[in-house]
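The values are calculated or read from the model by the stated rules, or taken from the named source; none is laboratory data. Quick caveat, the model's predicted, so the values are computed rather than measured. Note: ideal-geometry Cβ built from the backbone for every residue, glycine included; neighbour counts use all protein chains shown. Ligands, DNA and RNA are excluded from the accessible area calculation, which covers all protein heavy atoms including side chains. Shrake-Rupley method; radii C 1.70, N 1.55, O 1.52, S 1.80 Å.
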Amino acid sequence: MKKLVMRGSIAALTYAAVLIFFLYIFRLENTNIRISSFLAPIFGIMWGPAGAIGIGAGNFIADTFSPYFQWNAEVIKYILGSMGNSLISFFSYIMWHTIFLKPTEDPFAVNLKNIIRYILIQLIVAVITSFYFTLINTFSPWLNSAWDFFFLIMLNNLDINILLGLPVLLMLMSTNYEFYRPASKKAEKIPARAFNFLLVVLVVISAYIVSFPVEYFDSLVIERRIFALTFFLYLLRPMPEILQGPVLIPQPIFYRLTKGFCLFMVCLTIFLSGYSFVSMSGDYSSSEIWLKFYENTFLVLHFTLTIQLGLIWYIERNIVKPLTGITETAARFINSDPEKDKIKFEVVHSGDEIELLSTTLKKMLESIYKYIEDLRITLSERAKTQTQLDIAKNIQASLLPEPETINDEFDAVHIEALMDPALTVGGDFYDFKALDDDHIFIVVSDISDKGISASLFMTITYTLIHHKISFRKNISLTTIFAETNNQLCENNETGMFATAVGVIYEISTGRLIYVNAGHTSPLIVHGDGTFEYLKKRSGAMLGSIEDVPFKKLETSLKSGDVLVLYSDGVTEALNEQEEFFLEERLAASISKMVLEKNTDNIAETLREDLAKFVGKHEQSDDITIVTLLVK
């Protein structure tokens, strides 16, 4: 309510100020013409009933400043005049939301239809206004008939409301201005067509009666009643369901062009009308002169307006609508599910750049759909591949033995083992096996690559070594490595190879026999925390050189010692500062566990230390760890 009162007050003060300004500064003698008349429909469209009431109040305020105003019986005429301006404003508001407007259309969108609707509304308002003021005014001697006064009022309102009102309305509509919107109503008993028909009948009757000479007006009470009934019926006209809330569809190109056309129309009309007025000779208090002036203004205004509307129609039809259609298609595509809903794009056949643009966009849309389809196929195939890789990972993991197979059989030693591939499947492996009651075999290997190819080469290498140690009794480490090397060299067109270190530990004596084929140096951490790396090499990497000999190496382990076999994924692990874990950190980590008697989960604790060191850095290589604790 506070907002409506404020709007009504602003409308009243603005209208009164403008009216008084033109009343004293640019007053047109012997006429009732006011340039401020365009404010009535504008405030009505802007603020609805509040604007209409404000216009009436502002008109009466301005009339009290008129030199002709007197507080006598004629004050009723000024009140009726104020009511008339208020009704003009309210009529514009009612018709703006009903005439030629579909329920889904926004009355405040900048388009050709709303421009034409405004012009038609102002024509209706001008006719009704002229009837109304013709009935309530006493005519000057210089007016020959009621028709003179009627046409002066009608042409003035029509010309001024279009000439000045249309640019102002377009300017407001092109912004996000919050217009007043009526509450939605439904026709219940009498349809809107009946009201429209009755209104037309009443207007025709009024036009016939008002055409009588001035001297008959005093006796035409029925005319005023018919006209009052016309107003009453139209004010009660049922509104259809209308669009509630603004639909913010920016139209900067159309608005800029329309604004330019309107500015051209205003300037040209003012210039030509002013020129014709100055060129006319005779008594400027004559009604014929003023009628001629308004006729010239009307002709110039509507001639330029017709041309501009034609240009606006052409631009809207051939530029704005195609671009809007392209935009709406793009919006539908953004809000759709490309895998389910395929948006159909129609090319605009205009023979110009817009057709080129729409053709390009259609090709782009087709390319996007093709890309989405290819991506769907790729993802489907990738999902199948991932499923197969997961199966391969499970198969690979099933090849690796569980430490419990040794720990449950021997009380004198404790073995731990783990392998973390950098990808789904890895190129590292480990194996261990009890050869008899006193000997344990352990091997750790690292393939020269990662991923699927490395996992296949790993499986071959694992199978060769595992088969030999499982089915050939008393076979030596050097024989296992030499035969495996030669077998891997056969038809090895990929050039892949494997590093490996194998050991046989004799439990009764602590003797440790080992062969190192280019692998990382095994680490021994003694019970007192000291450590040593077994740096000696036995031969070349497996699968690199055929018939290469391998040398047997030997050392010993004591109670409390820990043997660590690992891949280079441990010592070459990188942190966020691009630093390697290195052998020093590996030895320090194991030594700390031994000194703190934290040897129950050596491999797992080492993995945790690695994770803390690496941080968020991506794992770059497979990690394999096998530890043997001598109790």
What does the extension gain come out to for Glu493 and Glu328, with contour length at 0.36 nm per residue minus their alpha carbon separation? 53.6 nm
So which of Lys433/Lys551; Lys558/Lys597; Lys433/Lys473; Lys321/Lys344; Lys393/Lys612; Lys536/Lys597 end up more than 19 Å apart, counting from Cα to Cα? Lys433/Lys551; Lys393/Lys612; Lys536/Lys597
Potential lengthening between Lys363 and Ile270 on full extension [0.36 nm per residue; Cα-Cα distance subtracted]: 28.5 nm
For segment 553-567, take each phi angle, set θ = phi - 60°, evaluate the Karplus expression 6.51 cos²θ - 1.76 cosθ + 1.60, and give the result in whole Hz per residue in order, putting x for glycine and proline. 10, 8, 8, 9, 10, 10, 4, x, 6, 10, 9, 10, 9, 8, 9
So, R0 is 51 Å and r is the distance between the beta-carbons of Arg317 and Lys370; what FRET efficiency does that work out to, to 0.05? 0.95
Just in segment 389-434: which GluC sites (Glu not before Pro) are loop by DSSP and have at most 15 other Cβ atoms within 10 Å? Glu409
Ile452: accessible area at probe 1.4 Å, nearest 10 Å²? 90 Å²
Taking θ = phi - 60°, what integer Hz values does the Karplus form 6.51 cos²θ - 1.76 cosθ + 1.60 yield along segment 598-606, in sequence order, with x for Gly and Pro? 9, 10, 6, 9, 5, 5, 5, 5, 5
Net charge near His526, counting Lys/Arg +1 and Asp/Glu -1 over other residues with Cβ under 13 Å of its Cβ? -2
Hey, if you put +1 on the Cβ of every Lys and Arg and -1 on every Asp and Glu Cβ in segment 416-533, which of Leu512, Thr494, Ile442 ends up farthest toward the positive end of that dipole? Thr494
Taking only Cα atoms of segment 353-438, what ratio of Rg to Rh do you get with Rh as the Kirkwood inverse-distance radius? 1.48
